[in-house]
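Data block below; observations after.
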Amino acid sequence: MLQTLIDLDIKYLNIIRWIVDTHSELQINLIHILSDFWVLLVALMLVWFWLYWVYKKNINYREIALMIFYSIGFSFVIYLILNQFLPPRARPEDVSSIPPLLEHLPDNSFPSWHAIFAWAAVLAIFLYQKRKCISFWVLFFSLIMLICRILAWVHYPWDILVWFIIWLLGAGVVYYYRDSVLFKKYLLPYPIKLASFIKL
């Protein structure tokens, strides 16, 4: 069963990759930019949210920014645990003669930390802020980034999709405990007090 899924994954990866014209400099440059830009953009967006909400002097908004940050941070904890205990999965170029379009570390293909970050950002922003149009744009750009990671030949489709299922559970845990003593007495007030002390 597992081998069948792996074979299908490789089959679909080959089909998807042939969409890219490797002789097109425009396509290659777009894939390079879109494969990584979203991680930086979300980080900058969270900083902007924080500074804007400090300007508005509304502590509730800063708590929302912290919850989004903690949700993304918790996703990396899950990533580190999985990375230690799951058997290594070779990158696509290791099972094919097709070279990747992006340079990357020679690490596991699964789990994908780009997928972890993208899904964590989408779900956290959807859960903790009221403007659903922001969630839509976060989802849109996250999907573009993840598709480009597949097109660049650095991840399999299942590296992206399986993590979405796993992160649903992770986001649910953080959201479920958002009103717990840990968050209300420690993880939310202390960073806000520290930030206020240094005028942030």
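If only residues of segment 7-38 that are free of Cβ contacts under 8 Å to residues at least 40 places away in the same chain and β-branched (Val, Ile, Thr) are counted, the one that is nearest to residue 145 (Cα to Cα) is 33. Scanning segment 155-179 for residues that are of a type outside the set (A, V, I, L, M, F, W, C), free of Cβ contacts under 8 Å to residues at least 24 places away in the same chain and either under 29 Å from residue 101 (Cβ atoms) or outside any helix (DSSP H, G or I) (or both) yields 177, 179. Exactly one residue out of 81, 72, 116 is within 20 Å of residue 168 (Cα to Cα) and exposed (fewer than 15 other Cβ atoms within 10 Å of the Cβ), and it is 81.
Scanning segment 109-139 for residues that are closer than 16 Å to residue 13 by Cβ and either hydroxyl-bearing (Ser, Thr, Tyr) or outside any helix (DSSP H, G or I) (or both) gives 109, 110, 112. Does residue 149 satisfy the criteria of being buried (at least 16 other Cβ atoms within 10 Å of the Cβ), under 22 Å from the mean Cα position of the chain (by Cα) and under 19 Å from residue 34 (Cβ atoms)? It is true that residue 149 is buried (at least 16 other Cβ atoms within 10 Å of the Cβ), under 22 Å from the mean Cα position of the chain (by Cα) and under 19 Å from residue 34 (Cβ atoms). For segment 6-25, the set of residues classified as exposed (fewer than 12 other Cβ atoms within 10 Å of the Cβ), in a helix (DSSP H, G or I) and within 25 Å of the chain's Cα centre (by Cα) consists of 11, 15, listed by residue number. Being touching a residue at least 24 places away in the same chain (Cβ under 8 Å) and either surrounded by fewer than 16 Cβ atoms within 10 Å (Cβ to Cβ) or not in a helix (DSSP H, G or I) (or both) is a condition met by at least one residue of segment 50-58. Yes or no: residue 142 more than 21 Å from residue 33 (Cβ to Cβ) and either out of contact with any Asp or Glu (no Cβ under 9 Å at 6 or more places or on another chain) or assigned to a loop (DSSP other than H, G, I, E, B) (or both)? Judged against the criteria, residue 142 is not a match.
A short reminder: the numbers here are calculations on the coordinates, not readings from a lab. Remember, predicted model here, so these are calculated numbers, not experimental data. Don't worry about glycine lacking a Cβ; one is built from the backbone with ideal geometry, like all the others, and counts go over all protein chains shown.
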